[in-house]
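Below: the structure, in structure tokens.
Values quoted throughout were computed directly from the atomic coordinates according to the rules given, and no laboratory measurement underlies them. Just so you know, these numbers come straight off a predicted model, no measurement behind them. Here the Cβ positions follow ideal geometry from the backbone for every residue, glycine too, while neighbour counts run over all protein chains shown.
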Amino acid sequence: MSAITMQTQVLGHSQAASVETTRPFFSVRDVHAYYGESYIVQGVSLDVRKGEILALLGRNGAGKTSMLRTIARTDDPQMRQGEIWLDGQPIHKMKSFEAARAGIQLVPEDRRIIAGLTVEENIALSKVAPGNGWSLEQIYQSFPRLAERRKQEGVTLSGGEQQMLAIARALARDLKLLLLDEPYEGLAPVIVQEIERILHSIKPLGITTIIVEQNAVAALKLADRAVILDTGEVAFAGTAQEVLDNAELRQEYLAI
């Protein structure tokens with residue numbers, strides 16, 4: 001048994017003990033999910049406290065995006081076993097629109113800005129859903145770039161501005177858990193810093209974030225805790241700083 005495996009098991013045991021004393025805000029319990037007959041998510045369990053940022057890391061094909069999509073209750077992958085709980089509410093039997101109403105918002109890698117609509121119309125469309133999301137005024141205070149471009153068609157924005165718009169749309173709904181899939185992809189460092197500022201600013205509001213990001217170091221510096229997936233299974237769970245401090249762990253599972 002490798003030192004990394006032993007460390008993972010010890011960390012997993014200590015986390016399980018802490019869960020018994022303080023109920024986590026968000027929990028995944030022994031989740032198994034498939035694309036057709038392809039077994040993608042293989043018994044993943046994790047806990048996240050309210051307001052935490054969790055970095056969900058791993059090499060390409062490790063199951064990170066599949067895990068986010070399973071949490072968001074999309075049609076694919078299909079979850080065949082396990083439980084998902086948010087703020088004491090079972091999510092695992094919900095459809096995607098029901099999970100969204102319960103407070104889970106997925107910002108996919110392609111951002112899915114709606115063509116033909118302005119920035120403001122893209123945000124307003126999210127406000128149609130029930131809930132107590134941010135007002136336009138609150139969004140524009142936190143996203144001044146979007147305020148400047150409110151009448152511009154959303155798909156004509158830069159990549160970084162589209163990412164801000166995608167996050168703003170999530171905040172316009174009654175958001176409890178924000179799922180971000182590769183939010184830094186192709187963005188300039190100054191824009192990455194702006195997005196990090198926004199994510200830090202929503203932590204005190206109790207919004208919990210799970211971030212999947214190939215730029216593992218940037219994600220770890222942002223996050224409180226980290227879970228590393230390897231071929232659909234949890235290889236490590238602990239603090240983000242533990243990953244930053246463990247060169248052997250980073251090399252084996254993240255190649256950094």
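Taking 21 Å as the limit for the C-alpha separation, the pairs Lys176/Lys203; Lys151/Lys203; Lys151/Lys176; Lys93/Lys176; Lys93/Lys203 exceed it in the case of Lys151/Lys203; Lys151/Lys176; Lys93/Lys203.
Near Val107: Cβ cut-off under 13 Å, other residues only, Lys/Arg at +1 and Asp/Glu at -1. The net charge is -1.
Where both residues lie in the chain, what percent of DSSP beta bridges are antiparallel, nearest 5?
Antiparallel bridges make up about 60 percent of those DSSP assigns within the chain.
Computed on the Cα trace of the chain, the radius of gyration divided by the Kirkwood hydrodynamic radius gives Rg/Rh = 0.96. Relative contact order of the range 85-234, taken over Cα pairs closer than 8 Å and 6 or more residues apart, is 26 percent. From the P(r) of the range 19-85, can you give the percent of Cα pairs sitting at distances over 16 Å? Here the long-distance tail beyond 16 Å is 46 percent of all Cα pairs in the range 19-85.
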